[in-house]
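Everything below concerns the one structure shown next.
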Amino acid sequence: MRKRTLARECALKILYQIEIGKHSVDEAIEDFWSKGHFTDDIKDFANSLVRGARKDLDKIDAAITKYAENWEIKRIAVIDKNVLRLGIFQLIYMAGIPPKVAINESIELAKKYGDLDSGKFVNGILDRVFKELGPEKTMIL
């Protein structure tokens, strides 16, 4: 498995732990890394995804609500919601990541950890976000 793919999986697991366990970002990160051996580059990338997604959580969740028509944020499955948070964070704030990579990696995470339709759900929302962003990656959230 590629390092960034693994880092995205770790970030998803940390975000899940934050939401389900009601842990702080720092507690969840420390707890997660204490249970496994990962390289520093994997940890650094995963931590940047987690911290970034949580830092702009209100804006990212507003984008999810905007594009997930007829879905309240609280009704979206925890895995799907956190995959979307990671994907939207990468699309909007991480200029070094090609949008297609951010979208495809998110879809694969949703398929692996979500339910039967998670991949389609995530793809639909991230595709709409990407289309609105345009090549400049500017969006009013």
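The values are calculated or read from the model by the stated rules, or taken from the named source; none is laboratory data. Here the structure is a predicted model, which is why all the values come from computation and not from measurement. Every residue, glycine among them, receives a Cβ derived from its backbone with ideal geometry; neighbour counts consider all protein chains shown. What goes into the accessible areas is simple: the full protein's heavy atoms, side chains included, and nothing from ligands, DNA or RNA. Shrake-Rupley method; radii C 1.70, N 1.55, O 1.52, S 1.80 Å.
Candidates in the range 96-112 are the residues that are within 22 Å of Ala62 (Cα to Cα) and in contact with a Ser or Thr (Cβ under 8 Å, 6 or more places away or on another chain); of these, the one that is surrounded by the fewest Cβ atoms within 10 Å (Cβ to Cβ) is Glu105. Filter the range 26-53 down to residues that are surrounded by 18 or more Cβ atoms within 10 Å (Cβ to Cβ) and farther than 15 Å from Ala102 by Cα and give me whichever is nearest to the chain's Cα centre (by Cα). Across the range 26-53, the extreme among qualifying residues is Asn47. Selection of the range 66-84 for residues being among the basic types (Lys, Arg) and within 16 Å of Leu133 (Cβ to Cβ) yields only Lys66.
Pairs meeting the criteria (first residue in the range 113-129 and open to solvent by 40 Å² or more (accessible area, probe 1.4 Å), second residue in a loop (DSSP other than H, G, I, E, B), beta carbons under 7 Å, at least 6 apart or on different chains) are Asp115/Ala77.
Name the single residue, out of those in the range 1-25 being hydroxyl-bearing (Ser, Thr, Tyr) and part of a helix (DSSP H, G or I), that is most open to solvent (accessible area, probe 1.4 Å). Before the answer, list the steps.
Of the residues in the range 1-25, the ones hydroxyl-bearing (Ser, Thr, Tyr) are 5, 16, 24.
Still in the list and also part of a helix (DSSP H, G or I): 5, 16.
Numbers: Thr5: 31, Tyr16: 93 Å².
Top of the filtered list is Tyr16.
Per this entry, Asn82 is counted among residues that are modelled with pLDDT of 95 or more and open to solvent by less than 20 Å² (accessible area, probe 1.4 Å).
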